[in-house]
Amino acid sequence: MFARLNLRTEVLQSYAFVARNFNLIKRYWGWELVWLAYSTATSLAVVFIGEGSALITGAEDIDTSYFVLYLLLGTLVWGFLSGLFNDISEMIQWERWEGTIEYTLMAPVHRFTQIIGQAGFAVLHSLLFTMTIGVAMIIFFSLDLSDANLFGALLVLLAGSLSLVSLGVMASILPLLYTERGTQMTHIVQAFLLLISGVYYPIEVLPSVLQTLARVSPVYYVLNGIRSAVLEGTPTSELWGYIVPLLIIGVVGMPLGVWVFRQAELYAKRHGKLKRVG
């Protein structure tokens, strides 16, 4: 299949999906503003827990600066990755909301091309969203990043983005197959990742079964890699233990996700599930 792709045409078609989705964002800018305000407020609330830890516990030897940065990194990284996951996993639901699902899935466009365009939009959208929340964090909290390895943290984040895209593609088949409750099912997947991945706490506090599951979650490797790079200043050469598993998940998961999506699409077409409303 890939040998027959015209690179210029495929790039333009992928860009078309990016441009269309940003036009949708502009159309629903009010909802974006509400969701941004909500996400910023909840993120600040979580990080203020670290600021108030000494008052809550009565202990005077708590390194509140470290705790604040620990929670801040978890909040920002999870905000980016969950936004990325949402934008990918809900791409079918977006088509239903707009009444374009039949046209999009019947158009002469390779499914891989569509997914690349959706992934490009998801990365840009989540990055802009997270950067805005990050600015609010900088305003409210004093951060010392003098010893942080920001380049290494960026590499971990990029590798993690690839793995989350592959998970999002697989999750996107749920709204395709289950027209009435598929979107809610993707939220369950997202909530489970939040629980097991150590976003706000070390996974060692979890039951042993959940700790085992955490070690196959890409979010776990992203969080630990970024925290190691920023909090401990770990050099990039020592971050490959986090980067390599993420790359493996992404490289294996992406073509697998496209294949699974294609099979679900064929099933949906045979059984008349390409309808505009669930």
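Using 1/(1 + (r/R0)^6) with R0 = 51 angstrom and r between the beta carbons of Thr9 and Ser208, what's the FRET efficiency to the nearest 0.05?
My answer for the efficiency is 0.50.
The modelled label-to-label distance for the pair Leu143/Thr57, using points 7 Å beyond Cα in the direction of Cβ, is 2.3 nm. Going from the residue with the fewest nearby Cβ atoms within 10 Å to the one with the most, Met185, Met131 rank Met131, Met185. The Cα-based radius of gyration and maximum Cα-Cα distance (Dmax) for the chain are 19.9, 67 Å.
Working from Cα pairs under 8 Å separated by at least six residues, relative contact order for the chain is 26 percent. Taking square-rooted eigenvalues a ≥ b ≥ c of the alpha carbon gyration tensor, is the stretch 1-72 rounded, prolate or oblate, where a/c under 1.5 means rounded and, failing that, a/b exceeding b/c means prolate? Oblate is the answer for the stretch 1-72, as a/c is 1.5 or above yet b/c matches or exceeds a/b. Going by a ≥ b ≥ c, the root eigenvalues of the Cα gyration tensor, does the stretch 52-122 fall in the rounded group (a/c under 1.5), the prolate group (a/b larger than b/c) or the oblate group? Taking the square roots of the gyration eigenvalues as a ≥ b ≥ c, the stretch 52-122 is prolate. Computed from label points 7 Å out along Cα-Cβ, the spacing between Leu195 and Leu256 is 2.2 nm. Taken as entire DSSP H runs, the helices of the chain that both span 20 Å or more between Cα atoms along their own long axis and average -0.5 or more on the Kyte-Doolittle scale are 7-27, 29-51, 64-89, 111-140, 150-171, 182-196, 240-270. Which residues among the stretch 129-155 fall inside the zone where the amide N is under 12 Å from a point 7 Å beyond the Cα of Ala41, along Cα→Cβ? Hits in the stretch 129-155 for Ala41 at 12 Å: none.
In plain terms, the chain from Leu33 to Leu247 could stretch by 73.7 nm, reckoned as 0.36 nm per residue minus the Cα-Cα distance.
No value in this document is a laboratory result; all are computed from the given coordinates. Keep in mind the model is a prediction, meaning the values are calculated, not measured. As a convention, Cβ positions derive from the backbone with ideal geometry for all residues, glycine included, and neighbour counts pool all protein chains shown.
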